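Visitor: Input: one structure, supplied below.
The values are calculated or read from the model by the stated rules, or taken from the named source; none is laboratory data. All figures in this text were calculated on a predicted structure; none of them were measured in a lab. Glycine also receives a Cβ, built like all others from the backbone with ideal geometry; neighbour counts cover every protein chain displayed. Please note that ligands, DNA and RNA were not included when accessible areas were found on the heavy atoms of the full protein model with its side chains. Shrake-Rupley method; radii C 1.70, N 1.55, O 1.52, S 1.80 Å.
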Amino acid sequence: MTPKKILYGGDYNPEQWPEEVWEEDMRMFKLAHIDTVTVNVFSWASLQPSENVYDFTKLDKIMKMARDNGLNVCLATSTAVHPAWMARKYPDVLRTEHNGTRRKFGSRHNSCPNSPTYRKYSVALASKIAERYQDFDNIVAWHVSNEYSGNCYCENCEKAFRVWLKERYQTIEELNRVWNLAFWGHTMYDWDDVVVPNLQSEEWFWEYTRTNFQSISLDYQRFQSESILECYKLERDVLKAVTPQLPVTTNLMGFHKPLDYQMWAKEMDFVSWDNYPEWNAYPAQIAMCHDLMRGLKQGQAFWLMEQTPGVTNWHPYCSLKRPGVMRLWSYQAVAHGSDTVMFFQMRRSVGACEKYHSAVIEHVGNENTRVFREITALGEELDRLGGKTLGAKAKAKVAIVFDWDNWWAAEYSAGPSKLINYHQEVTQYYRSLAEANIPVDIIGVTDDLNGYDLVIAPLLYMCKDGFDEKIRGFVKAGGSFVTTYFSGYVEDHDLVVLGGYPARLRDILGIWVEETDAIVEGQSNHFIYEGERHSATILCDLLHLEGAEALSTYEDDFYAGMPVLTKNKFGSGTAYYVATRSDKAFYDKFLLELCKEKGIEAVMTAPDGIEATLRENENGQFVFILNHNDEATEIEIPYNGKNLLNGAEYKAGEMLMLASKDVMIIEVAGEK
């Protein structure tokens, strides 16, 4: 079935409760305007109590109850945790840790992705569930496993890694080349010489995980991401064989380093994810995750699969969501492309590690809580909003490139600084644009650059085969391109591209980087940009101009006077190089000037703390305005239109006090 409104609900685990509680759940869900539940996420142990016995009695009752009460169901396959009998009888299902220790039964994410046992029984269970419930017309999607994560270093994985490598490189000679195994006499003579890179072989822990052979560790990370993806695909395929009409997803986790979500998204019918920011997260941090999720499938709407109604249980400080924040963050997800507002969990558990994680129904067990009142008010509002914004897309002229291979490779690098942090570097650029309400797409290296005026690729350490040609064509055609220090060093296998950094990007940028200075934490160099002094930290590239012009130079140390910010005309476009990490004031000024040069407009000009996005679909254009401030803030209404949340109509230029944590969704009258 196709939803006709923003789906509202979340993870429901009635199997943890006696059946007399279920009727009360249904009453309270109706009060809260809950219309969708995700069920069967962690039920494998009860569904398959032994190897040859399946028992769907309780799930049958749950599915019937949901249907009888008019609830949509996102039906999970329950394969996120294998049952105890499987670990006891088939120990190959257990993961092995980075230090070589085989785990015992317990926790979750506890199955080896290359275990034949796990693959056999997870696929069998998914198939049986699909066959049993295929005729339920209230199922809106399949939910495979849950929050996939984690690496395994067992013998199953080691053998599978050898097969993966042989398919990828064909010959042992090519493997020796791409891993540079002449170094330290590591030449391999046979595929059986390959071992997993962990604390027993190439890796060690010194403040963070280090490796002697970055290419080996990089390939193993790729292999593990693909191995876990294969588990997802095996379940997806049996679900599709039975119910080809139903979409299949699994819940992602934002910028989750172990899994290449850009590869994963190609195998998902739609992207869904779980949003659990820490108490002190600033709005752009959360927005950037939403924009990543939207970008994984080139602007397609995603699902907010989980968020906490009130408080998490695993952060260092589990602070409450203040009044209005749950609603604000829910609409922030919708503002960036979500077609759902979902929670974990529907009723608080009585034991184990999530018993103090907030829920729609708290331990008191009734509707007389602040959280429930807020959830009910939001449910009423979403009912009124209906399907107006479903599938609405954002149009951006700015793209930021994010690449998992580059993330892994840059942070595996043997130097030059332990402070290298790819995700943080991308965040510097995203934040300045987002806080100016300039729409941004987060894209991968395989995505098309056409249609963008400004493309930013921070810390592009690994410039993959062909990506430089894509950038070259983009800039020649008139685009503006920005990259930063520690860019263009290596190719796809983490082998240095010879001839001088930034290698494949050298002609585009018009520079040569001769050396790089690591700046000790707490210290900095400096530079002047348009009359203001800014910090230069983490790394300082010492570069020479080869056609580019210097927009600013270093102030300090023996390389004072060398360029720190450059601009190069290339074809009809321009390429910029930022040779260091600087401060927020620099990024704010530099990026907004680039946008002004390219005629890139903000959704609206607003005071700090006011976020605005523009989305459009066949129903029209919608401007979301969110006040993240702790006080009411005066704004200027950007367009003629009606607020879909309260029916008020406005004229462009009208001034309004927007209450703290409040939200407006303006349906634009006519074309923007």
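Visitor: So for each of 172-185, 642-655 I average, over its residues, the number of other beta carbons within 10 Å; can you give me the resulting order with the highest mean first? Before the final figure, lay out each step's value.
Guide: Values: 172-185: 14.9, 642-655: 13.0.
Listed from highest to lowest mean packing, they are 172-185, 642-655.
Visitor: Now, a different point. Mind checking which of LEU592, ALA536, VAL123 is farthest towards the positive end of the chain's charge dipole, using Cβ charges of +1 (Lys, Arg) and -1 (Asp, Glu) about the Cα centre?
Guide: VAL123
Visitor: List the residues whose amide H sits under 5 Å from the amide H of PHE570, counting only those 5 or more places along or on another chain, with H placed 1.01 Å from N in the peptide plane.
Guide: ALA575
Visitor: Let me ask something else. Take every DSSP beta bridge with both residues inside the chain and express the antiparallel ones as a percent of the total, to the nearest 5.
Guide: Around 60 percent antiparallel, to the nearest 5.
Visitor: Antiparallel versus total DSSP beta bridges in the range 184-337: what percent is that, nearest 5?
Guide: Values: 4 of 9 bridges.
About 45 percent, rounded to the nearest 5.
Visitor: Can you order the peptides 394-402, 97-105 by their average number of other Cβ atoms within 10 Å per residue, highest first? Could the numbers behind the result be given before it?
Guide: Working: 394-402: 21.4, 97-105: 13.9.
The peptides rank, most packed first, as 394-402, 97-105.
Visitor: Name the residues whose placed amide hydrogens come within less than 5 Å of the amide hydrogen of ARG102, ignoring near sequence neighbours (fewer than 5 apart) on the same chain.
Guide: It is GLU97, by chain and number.
Visitor: With +1 assigned to the C-beta of every Lys and Arg and -1 to the C-beta of every Asp and Glu, and no other charges, what is the dipole magnitude of the range 492-538 about the Cα centre in debye, to the nearest 20? Please list the in-between numbers first.
Guide: Numbers: 3 positive and 9 negative charges, 21 e Å.
It comes to approximately 100 debye.
Visitor: Can I ask one more? If amide hydrogens are placed 1.01 Å from N in the peptide plane, which non-local residues have theirs closer than 5 Å to the one on LEU94?
Guide: Amide H neighbours of LEU94, under 5 Å, 5+ apart: CYS112.
Visitor: Per residue of the range 460-467, what does 6.51 cos²θ - 1.76 cosθ + 1.60 with θ = phi - 60° give for ³J(HN,Hα)? Whole Hz please, x for Gly and Pro, Karplus curve as stated.
Guide: 7, 3, 9, 9, 5, 3, x, 5
Visitor: Follow-up. How many angstrom lie between the C-alpha centres of the range 293-365 and the range 61-113?
Guide: Here the two parts' Cα centres lie 22 Å apart.
Visitor: What accessible area per residue comes out for the range 469-602, rounded to a whole number of Å², with a 1.4 Å probe?
Guide: On the way: 5360 Å² over 134 residues.
Per residue, the range 469-602 has 40 Å² of solvent-accessible surface.
Visitor: Add -39500 (n - 2.57) for each DSSP H run of 4 or more in the chain, then divide by its residues: what number comes out at 222 nm, to the nearest 500 deg cm²/dmol? Intermediate results must be reported in sequence, preceding the final value.
Guide: Numbers: 17 runs with 202 residues, N = 672.
Roughly -9500 deg cm²/dmol at 222 nm, from the helical runs in the chain.
Visitor: Would you work out if the range 399-447 is rounded, prolate or oblate? Take a ≥ b ≥ c from the square roots of the eigenvalues of the alpha-carbon gyration tensor; rounded if a/c is under 1.5, else prolate when a/b is larger than b/c, oblate otherwise. Numbers along the way, then the final one.
Guide: Numbers: a/c = 5.00, a/b = 1.61, b/c = 3.10.
Oblate is the answer for the range 399-447, as a/c is 1.5 or above yet b/c matches or exceeds a/b.
Visitor: PRE reach from ASP68 (point 7 Å along Cα→Cβ): which of the range 33-59 fall under 17 Å by backbone N?
Guide: Under 17 Å, as judged by backbone N against the label point of ASP68, lie 57-59 of the range 33-59.
Visitor: Around VAL497, under 12 Å between beta carbons, what's the net of Lys plus Arg minus Asp minus Glu among the other residues?
Guide: Values: positive: LYS464, ARG504, ARG506; negative: ASP465, ASP468, GLU491, ASP492, ASP494.
Net of charged neighbours comes to -2.
Visitor: I want the local charge near LEU259. Using Cβ-Cβ distances under 14 Å, sum +1 for each Lys or Arg and -1 for each Asp or Glu among the other residues. Each step should come with its number before you reach the end.
Guide: Details: positive: ARG222, LYS233, LYS257, LYS266; negative: GLU147, GLU226, GLU230, ASP260, GLU267, ASP274, ASP403, ASP405.
Once positives and negatives cancel, what remains is -4.
Visitor: Going by the alpha-carbon gyration tensor, a ≥ b ≥ c the square roots of its eigenvalues, is the range 458-577 rounded (a/c under 1.5) or, if a/c is not under 1.5, prolate (a/b greater than b/c) versus oblate? Don't skip to the end; give the middle numbers.
Guide: Values: a/c = 2.14, a/b = 1.36, b/c = 1.57.
Oblate, since a/c reaches 1.5 and b/c is not below a/b.
Visitor: Shape verdict for the chain, please, from the Cα gyration tensor: rounded (a/c under 1.5), prolate (a/b greater than b/c) or oblate.
Guide: Oblate is the answer for the chain, as a/c is 1.5 or above yet b/c matches or exceeds a/b.
Visitor: Residue by residue through the range 349-363, what is 3J(HN,Hα) from phi via Karplus (6.51 cos²θ - 1.76 cosθ + 1.60, θ = phi - 60°)? Round to whole Hz and write x for glycine and proline.
Guide: Computed from phi, the couplings for the range 349-363 are 5, 8, x, 6, 6, 10, 6, 10, 8, 4, 8, 4, 10, 7, 4 Hz.
Visitor: Pop out the carbon and sulfur fraction of the accessible area of the chain as a percent, whole number, probe 1.4 Å.
Guide: Numbers: 13000 of 26060 Å².
About 50 percent, which is the carbon plus sulfur part of the accessible surface.
Visitor: Placing unit charges on C-beta atoms (Lys and Arg positive, Asp and Glu negative, everything else neutral), compute the dipole magnitude of the chain about its Cα centre in debye, rounded to 20.
Guide: On the way: 67 positive and 95 negative charges, 314 e Å.
With only Lys, Arg, Asp and Glu charged at Cβ, the dipole is about 1500 debye.
Visitor: Add +1 for every Lys or Arg and -1 for every Asp or Glu among the other residues with Cβ under 12 Å from the Cβ of LEU31, and state the total.
Guide: Details: positive: ARG27, LYS30, ARG373; negative: GLU24, ASP25, GLU367, GLU380.
That works out to -1.
Visitor: Let me ask something else about it. Treat every Asp and Glu Cβ in the range 303-401 as -1 and every Lys and Arg Cβ as +1, leave all other atoms uncharged, and give the resulting dipole magnitude about the Cα centre to the nearest 20 debye.
Guide: Numbers: 13 positive and 9 negative charges, 70 e Å.
The dipole of the range 303-401 has a size of about 340 debye.
Visitor: Between the range 602-672 and the range 379-414, how many Å separate their Cα centres?
Guide: Each part's Cα centre sits 20 Å from the other's.
Visitor: Starting from 0.36 nm per residue, how many nanometres of slack lie between ARG102 and ALA477 once their C-alpha separation is accounted for? Kindly include the intermediate steps, with their values, before the conclusion.
Guide: Values: separation 375, 0.36 × 375 = 135.00 nm, distance 5.47 nm.
Length difference between fully extended and current span is 129.5 nm.
Visitor: Quick one: 3J(HN,Hα) in Hz for the range 526-536, Karplus 6.51/-1.76/1.60 with θ = phi - 60°, rounded, Gly and Pro as x.
Guide: Running phi through 6.51 cos²θ - 1.76 cosθ + 1.60 with θ = phi - 60° gives 8, 8, 9, 10, 6, x, 10, 8, 10, 7, 10 Hz.
Visitor: Going by average Cβ neighbours within 10 Å, how do the peptides 469-480, 414-425 rank, with the highest at the top?
Guide: On the way: 469-480: 18.2, 414-425: 15.8.
Per-residue mean Cβ counts within 10 Å order the peptides as 469-480, 414-425.
Visitor: Okay, next question. With the crude spin-label approximation of a point 7 Å out along Cα→Cβ, what separation in nm comes out for VAL53 versus GLU597?
Guide: Spacing of the two 7 Å Cα→Cβ label points: 7.2 nm.
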